[in-house]
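Enquirer: Quick one: the structure is below, and I'll ask about it shortly.
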Amino acid sequence: MSLRNPLELLVLASSVDDPAARPSAPAADQIEACRRGDRAALEAVFRAHAEPLARLLTRIVGPSVDAEDLLQDTFAAAIPAFRRFRGEASVKTWLHRIAINVAHQHLRRPRHRREVALSDPETVARDAEPTSGPELRELTQRLYRHLGALDAAKRIAFVLYAIEEYTVDEIAVLTGASRAATKSRIFWARRALLRRMRRDPQLAEGERR
């Protein structure tokens, strides 16, 4: 595995999206019901978006036991915010913004409050791609250790770009940053990640193969 481009490992480490499983846009009357706080409508929208949001959160924070809690935090934040939803963006984009903000707050907490034992085989086996081999799961663990050294904003911008394949402009909208700041975050995150990966004995061994 060449490490000239760290995107390769990121793509391998992420699960493959199933286009058939992507949620359809909720109807206008369902959106209006959500604005009124209708529990059934809210549950239907959240249920439709739960899987892609959980995947997004896991990709940002890593194979972490916190992903389910962060998903619940996302929905908890979305319930009162729905009253202010005016449809300028899609519900998917709107919920992604909330999830990204929740993940950002999580990553900014003191490390001792959020650190997960990524060497725990049960955690890795549960969160890793089912078709991944042990070697790829180990590489994924090591990758997220290196990502953990990055500033939260840089890490999120890079993951959105490298795994989620958002454009720079889309990431700027999702994170509330300028286009210039977004490009800078991706550049410096990629540079720092590649430097750390090349100093990692196991990853460096893969590069020499």
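The values are calculated or read from the model by the stated rules, or taken from the named source; none is laboratory data. None of these values were measured; they are calculated from a predicted model. Please note: Cβ atoms are built from the backbone with ideal geometry, for glycine as well, and neighbour counts cover all protein chains shown.
Enquirer: Here are some residues: 136, 150. Which one is modelled with pLDDT of 70 or more and either more than 12 Å from the chain's Cα centre (by Cα) or part of a loop (DSSP other than H, G, I, E, B) (or both)?
Expert: 150 is the lone residue from the list that is modelled with pLDDT of 70 or more and either more than 12 Å from the chain's Cα centre (by Cα) or part of a loop (DSSP other than H, G, I, E, B) (or both).
Enquirer: Is it fair to say residue 72 is out of contact with any helix residue (DSSP H, G or I) (no Cβ under 6 Å at 6 or more places or on another chain) and under 25 Å from residue 37 (Cα atoms)?
Expert: Taking the combined requirement at face value, the residue satisfies it.
Enquirer: Would it be correct to say that residue 165 is on the phi > 0 side of the Ramachandran plot, modelled with pLDDT under 90 and loosely packed, with under 14 Cβ neighbours inside 10 Å?
Expert: When the stated conditions are applied, residue 165 passes them.
Enquirer: Follow-up question, since we're still on this one. Can you name the residue in the range 43-100 that is of a type in the set (Asp, Glu) and assigned to a loop (DSSP other than H, G, I, E, B) and is also surrounded by the fewest Cβ atoms within 10 Å (Cβ to Cβ) among such residues?
Expert: Checked the range 43-100; the qualifying residue surrounded by the fewest Cβ atoms within 10 Å (Cβ to Cβ) is 88.
Enquirer: Now, a different point. Of all residues in the range 101-110, which are charged (D, E, K, R) and either surrounded by 13 or more Cβ atoms within 10 Å (Cβ to Cβ) or in contact (Cβ under 8 Å) with a residue 12 or more places away in the chain (or both)?
Expert: Across the range 101-110, the qualifying residue is only 108.
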